[in-house]
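Asker: Just dropping this structure here.
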Amino acid sequence: DADDLALAEELGLRIAQALDVARLYGEMQIALHKRDEFIAVASHELRTPLTPLMLQLGRLEQLCRGRSELATSVAAPKIHRVVRQTERLHRLIEELLDVSQITSGRFSLEPEALDLVALVRETIDGFAERLERAGCALRLEMPARVEGRWDRARLEQIVSNLLANAMKYGAGKPIDIGLTAKPDSVLLSVRDRGIGISPKDQARVFQRFERAVSERHYGGFGLGLWVTRHVAEAMGGSVSVESAPDVGSTFRVNLPRQAPTAAVAQPVAPPP
Ligand code: ADP
């Protein structure tokens with residue numbers, strides 16, 4: 001009767017809607033996959049010519065620092081500027097490469113025994129010039145040594161990403177880096193007194209391509225914190241932020257000391 005017919009029509013409509021949603025979902029998955037593929041190819045192609053360029057520029061900059069004619073010429077500051085901008089380009093491309101490594105599952109850790117305090121100091125040394133340009137004084141609060149097993153390059157990356165953000169969003173203000181060691185874990189904190197992050201944005205900033213809405217003019221892909229979080233989690237740790245707009249932000253990274261390597265063999269229970 002009419003009721004059955006209406007019900008059948010309603011059902012047909014619902015099924016058509018469900019199929020539409022499924023088709024859209026499929027198309028979205030394909031689009032996301034194409035995006036990741038594009039990022040992988042683009043970052044690889046961009047890095048290929050950049051690697052030798054960086055090498056040549058590094059040599060040129062060395063010449064500008066020596067006692068050569070070039071060092072005292074008007075070209076020297078211009079060369080330094082070119083090097084700095086190229087380094088920035090290099091960092092952005094490396095960030096894209098990291099993202100494609102992570103999304104494609106080609107990401108691995110190579111833990112080795114190291115002293116985290118020394119590693120933090122070495123990483124900071126590499127920032128000396130940039131810290132000075134940003135007008136950021138750095139205060140350190142670290143024990144003499146913190147031993148553990150971690151992937152060196154990935155740890156440097158975590159420290160670099162957080163410090164770079166602190167300088168970018170807290171230029172002209174002091175930055176505190178702290179390291180606390182517990183028996184099984186370490187806590188690294190990077191505190192700035194910059195623009196801060198609104199409570200609404202705090203959950204988003206660790207996601208891929210997410211940036212605080214109001215800060216588009218700072219430049220960047222919105223990938224650094226996503227990579228940082230992924231690396232920390234791959235090491236068995238976590239990242240968190242405490243922040244207030246116009247007061248500043250503190251990013252904390254908690255890492256187990258014995259970073260998990262590949263699968264650890266489980267002891268086999270003896271037969272009953
Ligand atoms: P990027 O800085 O390249 O945009 P990130 O993933 O490092 O990407 O950071 C994501 C967003 O989080 C930034 O765009 C910015 O809005 C916010 N953010 C990150 N670090 C800070 C900080 N120290 N202070 C204020 N905002 C920050």
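The values are calculated or read from the model by the stated rules, or taken from the named source; none is laboratory data. Everything numeric here is computed off the predicted structure, so don't read it as measured data. Positions of Cβ are backbone-derived with ideal geometry, glycine not excepted, and every protein chain shown enters the neighbour counts. Note: areas computed on protein heavy atoms with side chains; ligands, DNA, RNA excluded. Shrake-Rupley method; radii C 1.70, N 1.55, O 1.52, S 1.80 Å.
Asker: Have a look at GLU87, GLU69, GLU45 and point out the one that is open to solvent by 80 Å² or more (accessible area, probe 1.4 Å) and within 23 Å of ILE102 (Cβ to Cβ).
Answerer: Only one candidate passes the filter, namely GLU45.
Asker: Give all pairs with beta carbons closer than 8 Å in which a residue from the stretch 217-238 that is touching a residue at least 12 places away in the same chain (Cβ under 8 Å) meets a residue that is within 12 Å of the ligand (Cβ to nearest atom) and among the small types (Gly, Ala, Ser); count only pairs at least 6 apart in sequence or on separate chains.
Answerer: Close Cβ pairs (under 8 Å, with a partner that is within 12 Å of the ligand (Cβ to nearest atom) and among the small types (Gly, Ala, Ser)) amount to GLY224/ALA164.
Asker: Further question: Just checking, does the stretch 151-165 include any residue being free of Cβ contacts under 8 Å to residues at least 40 places away in the same chain, of a type outside the set (Lys, Arg) and in contact with a strand residue (DSSP E or B) (Cβ under 6 Å, 6 or more places away or on another chain)?
Answerer: no
Asker: Where the second residue is part of a loop (DSSP other than H, G, I, E, B) and surrounded by 19 or more Cβ atoms within 10 Å (Cβ to Cβ) and the first is of a type in the set (Val, Ile, Thr) and lies in the stretch 167-188, which pairs have Cβ atoms under 6 Å and are six or more apart or on separate chains?
Answerer: ILE175/CYS136; ILE175/ASP192; VAL186/VAL146
Asker: Here is a further query. For the stretch 85-97, state whether one or more residues are within 16 Å of the ligand (Cβ to nearest atom), β-branched (Val, Ile, Thr) and either at pLDDT 95 or above or outside any helix (DSSP H, G or I) (or both).
Answerer: Checked against the condition, which is being within 16 Å of the ligand (Cβ to nearest atom), β-branched (Val, Ile, Thr) and either at pLDDT 95 or above or outside any helix (DSSP H, G or I) (or both), the stretch 85-97 yields no hits at all.
Asker: Against the conditions (1) at pLDDT below 95; (2) within 13 Å of the ligand (Cβ to nearest atom), where does ALA259 fall short? Just the number, please.
Answerer: (2)
Asker: Among the residues of the stretch 121-144, are any more than 18 Å from MET235 (Cβ to Cβ), acidic (Asp, Glu) and in contact with a strand residue (DSSP E or B) (Cβ under 9 Å, 6 or more places away or on another chain)?
Answerer: Yes: one or more hits.
Asker: Continuing with the same structure: Given the conditions (1) modelled with pLDDT of 95 or more; (2) open to solvent by less than 40 Å² (accessible area, probe 1.4 Å), report the number of the one that ASP201 does not fulfil.
Answerer: (1) is the only condition that ASP201 fails.
Asker: Still on this structure, I have one more. Looking at the stretch 172-222, which of the residues that are of a type in the set (D, E, K, R) and in a strand (DSSP E or B) is nearest to the ligand (Cβ to nearest atom)?
Answerer: Step by step, filter the stretch 172-222, then rank; the result is ARG191.
Asker: Count, please, the residues in the stretch 103-129 that happen to be closer than 30 Å to ARG35 by Cβ and either open to solvent by less than 20 Å² (accessible area, probe 1.4 Å) or hydroxyl-bearing (Ser, Thr, Tyr) (or both).
Answerer: Residues that pass the stated criteria total 3.
Asker: Name the residue, out of VAL231, VAL253, that is assigned to a strand (DSSP E or B), touching a helix residue (DSSP H, G or I) at 6+ places or on another chain (Cβ under 7 Å) and away from the ligand (no atom under 11 Å from the Cβ).
Answerer: VAL253
Asker: Right, here's the next one. For the stretch 130-147, enumerate the residues that are assigned to a strand (DSSP E or B) and surrounded by 15 or more Cβ atoms within 10 Å (Cβ to Cβ).
Answerer: Result: LEU138, single match.
Asker: Residues ASP36, ASP115: which one is more than 30 Å from GLU141 (Cα to Cα) and touching a residue at least 12 places away in the same chain (Cβ under 8 Å)?
Answerer: Unique residue meeting the criteria: ASP36.
Asker: Test each condition in (1) touching a Pro at 6+ places or on another chain (Cβ under 7 Å); (2) open to solvent by less than 10 Å² (accessible area, probe 1.4 Å) for LEU163 and report the one that comes out false.
Answerer: (1)
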